[in-house]
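Down below is the structure, laid out as C-alpha cells.
The values are calculated or read from the model by the stated rules, or taken from the named source; none is laboratory data. This one's a predicted model, so the numbers in the text were calculated from it and none came from an experiment. Using ideal geometry, Cβ is built from the backbone for each residue, glycine included, and neighbour counts are taken over all protein chains shown. Remember, those area values only see protein heavy atoms, side chains included, never the ligands or the DNA or RNA. Shrake-Rupley method; radii C 1.70, N 1.55, O 1.52, S 1.80 Å.
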Amino acid sequence: QVQVVESGGGLVQAGGSLRLSCVSSGSIFSIDAMGWYRLAPGKQRELVAAITLDGRIKYADSVKGRFTISRDNAAKTLSLQMNSLKPEDTAVYYCNANLLYSAFYARIRPGDVWGQGTQVTVSS
C-alpha cells in the first residue's frame, strides 16, 4: 500500500520555526483529506491541521495563526510550516494520508495510512 515518510523535526528555541514534510510513495491526486496529528507525553492525540483537494483547511485552536498546512500534489508532499513555536508544541508529529470525515469542520478521524513520526522539541 501507499506509504508516507515525515521529516523536518528537530530542536528549536521558543519563537523559532520548523517546516515538516510528508512525502508519499504514490500519487495523492486521488486522496481527498490529509493532515497532521501530534502526540505529547501525558496528552491525548490531537489533530493539528487538515487539508482537502478542493482547498478546505482546518486548524486546531492551539495552532491557528501560527501554523500553515499545504500540499503539493505533483510532488506528492504534504507540509506543515510552524512559526512562533512554543514549548507546548513539543510532541511527535505524524502525517496521516487517509483522513475520514462526515463533516469536515466538525468531526475528522484518522485513516490507516500513517507515517513513522518526527520529533519536534521546543525549549523554553
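I'd like to verify a number: residues in segment 67-97 that are within 15 Å of the chain's Cα centre (by Cα), over 18 Å from LEU39 (Cα atoms) and of a type in the set (S, T, N, Q), how many?
Keep residues of segment 67-97 that are within 15 Å of the chain's Cα centre (by Cα), which gives 67-72, 76-83, 85, 89-97.
Next, from what is left, pick out any that are over 18 Å from LEU39 (Cα atoms): 68, 70-72, 76-78, 83.
When the remaining residues are screened for being of a type in the set (S, T, N, Q), the result is 68, 70, 77, 83.
Of the residues in that region, 4 qualify.
Evaluate the following for VAL23: is it modelled with pLDDT of 95 or more and hydrophobic (A, V, I, L, M, F, W, C)? Before the answer, list the steps.
Values: modelled with pLDDT of 95 or more: yes; hydrophobic (A, V, I, L, M, F, W, C): yes.
Yes: the conditions hold for VAL23.
Considering each of LYS64, LYS58 in turn, give the residue that is among the basic types (Lys, Arg) and part of a loop (DSSP other than H, G, I, E, B).
Checking each option against the conditions leaves just LYS64.
Residue check, ALA103 against (1) closer than 24 Å to GLY16 by Cα; (2) modelled with pLDDT under 95, all met but one. Which one?
(1)
Tell me, yes or no, whether segment 3-22 has at least one residue that is open to solvent by 70 Å² or more (accessible area, probe 1.4 Å) and assigned to a loop (DSSP other than H, G, I, E, B).
yes
Within segment 98-105, can one find any residue that is small (Gly, Ala, Ser), in contact (Cβ under 8 Å) with a residue 24 or more places away in the chain and open to solvent by 40 Å² or more (accessible area, probe 1.4 Å)?
For segment 98-105, residues small (Gly, Ala, Ser), in contact (Cβ under 8 Å) with a residue 24 or more places away in the chain and open to solvent by 40 Å² or more (accessible area, probe 1.4 Å): absent.
Would you pick out the residues in segment 79-89 that are under 16 Å from ALA60 (Cβ atoms) and either assigned to a strand (DSSP E or B) or open to solvent by less than 40 Å² (accessible area, probe 1.4 Å) (or both)? Break it down stepwise before answering.
Within segment 79-89, the first condition is being under 16 Å from ALA60 (Cβ atoms), and the residues that meet it are 80-86, 88-89.
Within segment 79-89, LEU80, GLN81, MET82, LEU85, ASP89 meet the criteria.
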